[in-house]
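Rule-based calculations on the coordinates, nothing more; no lab input. Since this is a predicted model, take the numbers as computed values, not measurements. Backbone-built Cβ (ideal geometry, glycine too); neighbour counts: all protein chains shown.
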Amino acid sequence: RIWAMTEHYLFDIDGTLTNPRQKMSRQFTKRFLEWMDDKSVFLVAGSNLEKVSEQVPPEVIAKCEGVFCSMGNQFWSGKNLVYENEWAPDPLLIEALTAFQMYTKFPIPLKEQFGRGEIIERRPGMLNFTTIGRNADTRERERYYEWDTKNGERKNIVSQLEKSFPELDFRIGGQISIDIQPKGHNKSQASEWIRKNLGGRMIFTGDSCHKGGNDYDICLDIKKHKDGEFHQVDSPEETLNVLGI
Ligand code: M1P
């Protein structure tokens with residue numbers, strides 16, 4: 001089926017098909033599943049397959065032609081692992097990230113200082129870093145996001161790290177974290193793979209298409225090759241509007 005398609009729809013997940021780190025809503029799932037009939041659909045996630053499977057219902061994943069995970073560093077077609085990139089981060093990077101976490105100015109109440117989970121999540125070909133811990137709940141995520149928007153912690157961390165590690169890409173993806181990977185190993189790996197292996201037009205939808213966002217590189221790649229279009233959205237509801245459903 002996939003080979004006969006001339007148009008491929010590519011979607012980011014958090015903030016595009018679901019609210020950040022939440023499950024796809026029932027209403028969204030129903031409308032999206034109907035729309036997917038006879039379309040070639042790919043997911044292009046910043047997070048790993050485990051998280052994608054927590055958020056996206058199995059019936060939606062089953063209807064996709066493929067799932068690019070971990071910023072396009074791993075690609076699944078059904079149960080087949082098509083490719084996976086490996087990367088061993090420099091210990092100096094880990095040290096630098098640990099220091100940023102120690103000196104964060106984000107106010108965390110004393111009683112909440114433990115149990116927020118790891119600050120560095122290693123994924124195939126990349127890592128994800130957050131000063132507040134990956135287990136932060138929705139309320140804390142929102143509190144951090146608001147604080148970070150005003151205080152620019154993540155932007156500041158990125159600009160310092162870019163100077164020390166010019167061989168790496170640092171992208172602000174969701175509400176609390178930064179995706180880090182070797183230069184070029186970003187979401188544009190998905191559009192490159194489709195171009196090389198399938199051809200046709202690509203229509204990408206994501207919530208972080210601005211410069212520095214983790215959807216930026218795939219948008220730039222499609223623009224450069226003039227083989228598709230992209231849509232910046234701010235919520236799953238806006239995605240439905242873009243699709244006209
Ligand atoms: O898909 C967008 C981002 O979602 C999460 O970001 P955050 O935890 O900051 O909201 C992460 O999985 C991140 O890797 C991903 O890019």
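Quick rundown of the values:
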{"item": "Selection status of GLY199, more than 16 Å from the ligand (Cβ to nearest atom), assigned to a loop (DSSP other than H, G, I, E, B) and either closer than 14 Å to LEU10 by Cα or touching a Phe, Trp or Tyr at 6+ places or on another chain (Cβ under 8 Å) (or both)", "result": "yes"}
{"item": "Residue within region 72-87 that is of a type outside the set (A, V, I, L, M, F, W, C), surrounded by fewer than 18 Cβ atoms within 10 Å (Cβ to Cβ) and either under 21 Å from ILE178 (Cβ atoms) or in contact with a Lys or Arg (Cβ under 6 Å, 6 or more places away or on another chain) (or both) present", "result": "yes"}
{"item": "Tabulated pairs, region 34-63, first farther than 13 Å from LYS23 by Cα, second outside any helix (DSSP H, G or I) and among the polar types (S, T, N, Q), C-beta under 6 angstrom, 6+ apart or interchain", "result": "GLY46/ASN214"}
{"item": "Count - residues of region 202-234 that are part of a loop (DSSP other than H, G, I, E, B) and within 25 Å of ASN19 (Cα to Cα)", "result": "10"}
{"item": "Residue match in region 138-145 (condition: touching a strand residue (DSSP E or B) at 6+ places or on another chain (Cβ under 9 Å) and more than 10 Å from the ligand (Cβ to nearest atom))", "result": "no"}
{"item": "Number of the condition not met by PRO58 [criteria: (1) surrounded by 14 or more Cβ atoms within 10 Å (Cβ to Cβ); (2) over 28 Å from ASP227 (Cα atoms)]", "result": "(1)"}
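Residue by residue, here is whether (1) over 25 Å from TYR145 (Cβ atoms); (2) part of a helix (DSSP H, G or I); (3) of a type in the set (A, V, I, L, M) holds:
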| site | (1), (2), (3) |
| --- | --- |
| HIS8 | yes, no, no |
| THR16 | no, no, no |
| GLN22 | no, no, no |
| TRP35 | yes, yes, no |
| GLU54 | no, yes, no |
| VAL60 | yes, yes, yes |
| MET71 | no, yes, yes |
